[in-house]
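Read-outs throughout are calculated quantities, based only on the coordinates presented, and are distinct from any laboratory measurement. In this text, all values refer to a predicted model and were calculated from it rather than measured experimentally. For neighbour counting, all protein chains shown are included, and Cβ atoms are generated from backbone atoms with ideal geometry for every residue, glycine included.
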């Protein structure tokens with residue numbers, strides 16, 4: 001299994017948008033995205049630092065994706 005690289009929230013936003021997610025609203029320090037057909041949601045932090053791996057994996061799981069989906073997008 002390939003190791004997950006350091007990812008910034010901006011890259012996660014781009015990943016979600018390419019997968020069909022739409023920005024629902026910005027709440028405090030997070031962007032909240034939803035998918036119109038699967039009705040899943042994902043909250044992405046609004047900062048410029050690398051996301052902790054646990055936070056990223058939790059966000060991907062919440063949105064219905066795997067670690068491999070994100071790695072394939074980044075490569």
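The table for this structure:
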{"quantity": "Square roots of 5 times each gyration tensor eigenvalue, C-alpha, segment 1-41, largest first, Å", "calculated": "21, 15, 8"}
{"quantity": "Modelled label reach - residue 61, point 7 Å along Cα→Cβ, segment 37-54 residues with backbone N closer than 19 Å", "calculated": "40-45, 51-54"}
{"quantity": "The chain - percent relative contact order, Cα under 8 Å, separation 6 or more", "calculated": "30 percent"}
{"quantity": "Ellipticity estimate at 222 nm from DSSP helix runs (n ≥ 4, -39,500 (n - 2.57)) divided over the chain, nearest 500", "calculated": "-11000 deg cm²/dmol"}
